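The next block holds one structure in the form of structure tokens; read it before the comments.
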Amino acid sequence: MKPQRPLILSLLFAATLFLLRPVPTAAADDSGLSANATANCTQFIRSSCSITLYPDVCYTSLSRYANAIQQDPASLTRVAITISLANSRRMAAYVSNLSHVGDYGADRRAASALHDCFTNFDDAVDEIRGSLKQMRQINDVDAPSFRFQMSNVQTWMSAALTDQETCTDGFEDVADGPMKVDVCAKAEKVKKHTSNALALVNSFVEKRIP
């Protein structure tokens with residue numbers, strides 16, 4: 001079932017991005033972590049990212065939030081999903097704007113591909129948002145509830161990745177040109193973040209469920 005998108009989740013998402021500020025370069029930051037502790041946190045992130053398909057992208061995107069993540073797998077997974085959501089929302093807005101400002105009426109394939117791409121990314125945003133909501137509710141739940149909630153997260157993140165891949169698949173029959181190249185390149189970058197987030201979700205589940 002497709003998760004709903006109430007206004008409160010958008011507000012919570014904005015608050016999450018505000019709280020997840022990049023790590024300062026000083027020896028100790030506002031959280032009180034020493035340079036050594038911060039190094040341990042970033043090493044934890046690097047090690048965790050090694051299981052993803054795009055470890056460099058994973059580490060670069062997550063290491064900025066090392067002090068928020070520290071060495072907590074649940075926090076790591078939540079931040080990864082948040083980053084995937086932010087990128088997916090930007091992509092959906094970009095494609096929507098492109099379809100409005102561009103004159104693709106004469107090119108049915110291009111117009112259809114853009115429309116379908118927006119629909120797919122809009123669906124992906126819903127699914128990733130639902131995953132993030134479930135991740136915020138896993139604390140202090142019993143084992144059956146944890147399995148159920150994480151199953152939802154895995155299902156929705158996998159569906160989001162499929163939707164994003166469907167966007168680029170839709171451009172296969174579109175003639176090569178700047179618009180096609182740009183959209184597909186941007187979509188590929190977003191897919192990497194979603195793929196990494198899904199990999200971290202799966203790893204988190206494997207470690208928590210015997």
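The values are calculated or read from the model by the stated rules, or taken from the named source; none is laboratory data. All values derive from a computational prediction rather than experimental measurement. All Cβ positions, glycine included, derive from the backbone under ideal geometry; neighbour counts span all protein chains shown. Keep in mind that these areas ignore ligands, DNA and RNA; they rest on the heavy atoms of the full protein, side chains included. Shrake-Rupley method; radii C 1.70, N 1.55, O 1.52, S 1.80 Å.
Scanning the stretch 192-210 for residues that are assigned to a helix (DSSP H, G or I) and free of Cβ contacts under 8 Å to residues at least 60 places away in the same chain, we see that the one that is farthest from the chain's Cα centre (by Cα) is Glu206. Screening the candidates Val201, Val183 for the property of being of a type in the set (A, V, I, L, M), surrounded by 18 or more Cβ atoms within 10 Å (Cβ to Cβ) and within 17 Å of Asn120 (Cβ to Cβ) yields one hit, Val183. Within the stretch 144-176, the residues that satisfy the criterion of being open to solvent by less than 60 Å² (accessible area, probe 1.4 Å), free of Cβ contacts under 8 Å to residues at least 60 places away in the same chain and over 24 Å from Arg89 (Cβ atoms) are Ser145, Ser151.
Inclusion of Thr77 among residues that are surrounded by 24 or more Cβ atoms within 10 Å (Cβ to Cβ) and either within 19 Å of Thr194 (Cβ to Cβ) or charged (D, E, K, R) (or both) is warranted.
Among the residues of the stretch 41-73, the one identified as open to solvent by 80 Å² or more (accessible area, probe 1.4 Å), β-branched (Val, Ile, Thr) and in contact (Cβ under 8 Å) with a residue 60 or more places away in the chain is Ile51.
Evaluated against (1) in a helix (DSSP H, G or I); (2) surrounded by 18 or more Cβ atoms within 10 Å (Cβ to Cβ); (3) in contact (Cβ under 8 Å) with a residue 60 or more places away in the chain, Lys189 falls short on exactly one condition, (2). As for the stretch 132-143, it holds at least one residue that is out of contact with any helix residue (DSSP H, G or I) (no Cβ under 8 Å at 6 or more places or on another chain) and among the charged types (D, E, K, R). Among the conditions (1) at pLDDT below 55; (2) part of a helix (DSSP H, G or I); (3) loosely packed, with under 12 Cβ neighbours inside 10 Å, the only one that Thr25 does not satisfy is (2).
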